[in-house]
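The values are calculated or read from the model by the stated rules, or taken from the named source; none is laboratory data. In this text, all values refer to a predicted model and were calculated from it rather than measured experimentally. So basically every Cβ, Gly included, is an ideal-geometry build from the backbone, and we count neighbours across all protein chains shown. Calculation scope for accessible area: heavy atoms of the full protein, side chains included, ligands and nucleic acids excluded. Shrake-Rupley method; radii C 1.70, N 1.55, O 1.52, S 1.80 Å.
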Amino acid sequence: MEQKIKNIEAEAVEQMKAAGDLRELDSIRVKYLGKKGALTEILRGMKDVSPEDRPVIGKLVNEAKETIGKALDSATERLRKKEQEAKLAAEHIDITLPGRHPALGKKHPLTQTRNEIISIFRGMGFQVANGPEIEIDYYNFDALNMPEHHPARDDRDSMYITDGVLLRTETSAVQIRVMEKQKPPVRVIVPGKVYRRDADITHTPMFHQVEGLMVDKHIRFSDLKGVLVSFIHQMFGKNMKYRFSPDFFPFTEPSAQVCIGCKVCNASGCSTCSGTGWLEILGSGSVDPEVFKAVNYDPEEVTGFAFGMGIERITMLKYGIDDIRLLFENDLRFLQQF
Ligand code: DAH
């Protein structure tokens, strides 16, 4: 019996020392110390041991338990350490490897231009306003003082959804919506999509405009000029030449067309500017009293100015793009240049 206990003890200790991982160690523990383990088995057999031998055997079993327990503890520690080291080795990061660059996207040139325009006018105190792209002809034409026979109303020029409902042809429609809701002073810009039946190298059926409107007491034409010249300088540089010339729009009186000097020929005349030296960038003018009447503003009390420009056109002039369709083909070789 004594020898048996010694053997179990030696065997258990040896196996624990040899255990390769914690799972194996645990099964060894169960094998010797578990409920059905070798040592427990011996304790169970104590009833067959003579009473005088019992204390001796009991002591031996307890000693064996203790020895095996110690072997278990040190094996556990050894194997934990081993696992930890293996884990660290597996997760080792080579910090000398060069990083991988994620491919970066960027904003479309039209978005860049739109944001630039917005930020310039924000700097002059304008707020951004919006309106619907599907518009009724009251806002798109009537309230803007466009007579019933105006050619832009024709369905060969504008895209109607049903009678009197169309895709807006100009962001000017939002002027009316803003003034209906808000008392003066008003200082807004309206970036947005507009739609016309037009398609060639300088026109697409959908394009973007930015409308501007300022209304208050004592707003004069010189305020319009000051704001727009500041815009030109910020957008195209301090040395950019500009020209205001008379024009006509139903919703402004007087109206002015604004041109900048042709970049290609430095305003001396070439094919890009049809020999004039000038390229038109926007339409503008003092708000027509008829427009104020439509929104219940008193034209005797307030005055204002408005302007409208095409974002595609400004982008093309700024970067020397000669075909508007390039802006919509989404060819990366083109887009990556901006
Ligand atoms: N709506 C005009 C267009 O689409 C642009 C324009 C001209 C807007 C004069 C204005 C303005 O507000 O005063 O061609």
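Inclusion of Phe251 among residues that are within 14 Å of the ligand (Cβ to nearest atom) and out of contact with any Gly (no Cβ under 7 Å at 6 or more places or on another chain) is warranted.
Identify the residue in region 324-338 that is part of a loop (DSSP other than H, G, I, E, B) and within 17 Å of Ala199 (Cβ to Cβ) and, among all such residues, is least open to solvent (accessible area, probe 1.4 Å). Once the filter is applied, the top-ranked residue is Ile324. Per this entry, Val258 is not counted among residues that are open to solvent by less than 50 Å² (accessible area, probe 1.4 Å), at pLDDT 95 or above and over 23 Å from Ile120 (Cα atoms).
Checking region 257-264 against the condition returns a match, with at least one residue being within 16 Å of the ligand (Cβ to nearest atom) and without any contact (Cβ under 8 Å) to a residue 24 or more places away in the chain. Checked across region 233-248, the condition of being among the charged types (D, E, K, R) and under 29 Å from Met179 (Cβ atoms) holds for at least one residue.
Pairing residues of region 159-179 that are of a type outside the set (D, E, K, R) with residues that are part of a loop (DSSP other than H, G, I, E, B) and within 12 Å of the ligand (Cβ to nearest atom), at Cβ distances under 7 Å and at least 6 apart in sequence or on separate chains, gives Leu166/Ser158; Thr169/Ser158; Thr169/Arg196; Ser172/Phe251. For beta carbons closer than 6 Å, sequence separation of 6+ or different chains, a first residue in region 266-287 that is over 30 Å from Pro184 (Cβ atoms) and of a type in the set (Ser, Thr, Tyr) and a second that is open to solvent by 10 Å² or more (accessible area, probe 1.4 Å) and modelled with pLDDT under 95, the qualifying pairs are Thr272/Val264. Within region 300-323, restricting attention to residues that are open to solvent by less than 40 Å² (accessible area, probe 1.4 Å), more than 15 Å from the ligand (Cβ to nearest atom) and in contact with a Lys or Arg (Cβ under 8 Å, 6 or more places away or on another chain), the residue that is modelled with the highest pLDDT is Val302. Under 9 Å between Cβ atoms, at least 6 apart or on separate chains: pull out the pairs that start in region 317-330 with a residue that is under 11 Å from Thr202 (Cα atoms) and end on any residue that is in a loop (DSSP other than H, G, I, E, B) and open to solvent by less than 40 Å² (accessible area, probe 1.4 Å). Close Cβ pairs satisfying both conditions: Ile324/Thr204; Arg325/Thr204; Leu327/Thr204; Leu327/Ile321.
Scan region 60-118 for residues that are over 30 Å from Met46 (Cα atoms), among the hydroxyl-bearing types (Ser, Thr, Tyr) and assigned to a helix (DSSP H, G or I) and jot them down. Reasoning before the result, please.
Going through region 60-118, the residues over 30 Å from Met46 (Cα atoms) turn out to be 76-118.
Those still in the list that are among the hydroxyl-bearing types (Ser, Thr, Tyr) too: 76, 96, 111, 113.
The answer is Thr76, Thr111, Thr113.
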